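A.B. asks: Please find one structure pasted underneath; my questions will follow.
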Amino acid sequence: MITSKIISNGILRALTTVLAVGAVLYFLYEIQTVIVYLCISLILCLIANPLVMFLKNKLKFSNSLAATTAIVLFIGLMIGFILLFVPLIISQANNLSLLDTNHLQKQFIETEESLEAYFNIKHVDLNKMLNASKVTSMLDFNYFTSFINSIMNFMADMGMGLVSVFFITFFFIKDQEAFKTSARRILPDTNEDKILNSIAKINHLLTRYFIGLLLQLTVVFILYLIVLIIFGNQNAFVIAFLCAILNIIPYIGPIIGTILAALLTMISLIGKDFQSEILPTTIYVVIGFLLVQAIDNNISQPIISSKSVNSHPLEIFLITLISGITFGIVGMIIAIPVYTMLKVILKEFFPDNKIVSVLTERI
């Protein structure tokens, strides 16, 4: 017989559970920055694993020395990445004459006139449009100070984030075995082997995936570089590198990279004839980038991604598409790693399930 005491106890337990779950979710929300640092550090650790194993097994490095070498390499790559953009920034600043407003206005007028002459459109007086829309009256120059402050805060947060990520990554790399030993003590005895096997397989597959991703980006970078060099872009190396990095975002990243390459190509040609030089060169660059993306989407990306995580190319495409529709760009980026982790876990804990056995037969 159900009494009021039983009902009240049930309600109390349910309320306690909801509050506990809410408190945990709120706590995770508050420390989301730390979670991001941990995820980035874990990815860096997976990428560094092959190098660390080589240093430890072949060169007999200690754990600390191997971890330090990996961190120094990451820092060197980051510094090199930043320095790559210095020539691009200087070049584009010179092209736009950012410190010479009169010259910039003259170039803008020349470009506008070239566009009007080429497309035979009616002249549009921008000054009248601005005055009619009263845009200038809505401008608040106090935002300039706020903008500078936000940049300074961003730089400070970025510096703190980099220090935190490298610090965490160092210990992830150095104390991997110690973490595994601790995990064995904490895990329940009944599922210990399954969990440890899952972790080992996930570590192996995700290491292969991130190395495969780096290989794919390298292929795209080389092809982009060839296209830009053929058409005489002054900053071919930097632009190709930046557009290749954007390919980390499936499907959308290449589109952004193509638009960026087209804009930077047009900017680098400012002052030349629009009809005979700027427009044709930009069109050729866009066509070249589209051809590279066709090669990447249909050959290199499916092969490298599917081989690295032992999944069918169609499977990879559908999972990425569904994740993008559901969770946006972030979902597209993390789709393959998360899906791979789920497949490994399902195979370890539910190997006899027919659906699981079909999905995980290649793992």
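A.B. asks: Taking the Cβ of LEU44 as the center, what net charge do the other residues with Cβ under 15 Å away carry, scoring Lys and Arg +1 and Asp and Glu -1?
C.D. replies: 0
A.B. asks: While we're looking at this one, here's another question. Answer rounded, prolate or oblate for region 202-251, using the Cα gyration tensor with square roots of eigenvalues a ≥ b ≥ c: rounded when a/c is under 1.5, else prolate when a/b is larger than b/c, else oblate.
C.D. replies: Since a/c reaches 1.5 and a/b is larger than b/c, the shape of region 202-251 is classed as prolate.
A.B. asks: Give me the accessible area of VAL292, 1.4 Å probe, in Å² rounded to the nearest 10.
C.D. replies: 10
A.B. asks: Starting from the Cα-Cα distance between LEU260 and LEU290, subtract it from 0.36 nm times their residue separation and give me the gain in nm to one decimal.
C.D. replies: 9.5 nm
A.B. asks: How many percent of the accessible area of region 187-289 is carbon or sulfur, using a 1.4 Å probe?
C.D. replies: 72
A.B. asks: Would you mind putting 348-358, 308-318 in packing order, based on average other-beta-carbon counts within 10 Å, highest first?
C.D. replies: Result, highest mean Cβ count within 10 Å first: 308-318, 348-358.
A.B. asks: Given a cut-off of under 8 Å on Cα pairs at least six residues apart, what relative contact order in percent is computed for region 163-268?
C.D. replies: 16
A.B. asks: Cα-based count: Lys pairs in region 255-363 below 24 Å, eight or more positions apart or different chains?
C.D. replies: Final tally of qualifying lysine pairs is 4.
A.B. asks: Take each of the peptides 244-251, 322-329, average the number of other beta-carbon atoms within 10 Å over its residues, and list them starting from the highest.
C.D. replies: Ranking, from highest mean packing down: 244-251, 322-329.
The values are calculated or read from the model by the stated rules, or taken from the named source; none is laboratory data. In this text, all values refer to a predicted model and were calculated from it rather than measured experimentally. Please note: Cβ atoms are built from the backbone with ideal geometry, for glycine as well, and neighbour counts cover all protein chains shown. For the accessible areas, the whole protein counts, side chains as well, though only heavy atoms, and no ligand, DNA or RNA atoms are used. Shrake-Rupley method; radii C 1.70, N 1.55, O 1.52, S 1.80 Å.
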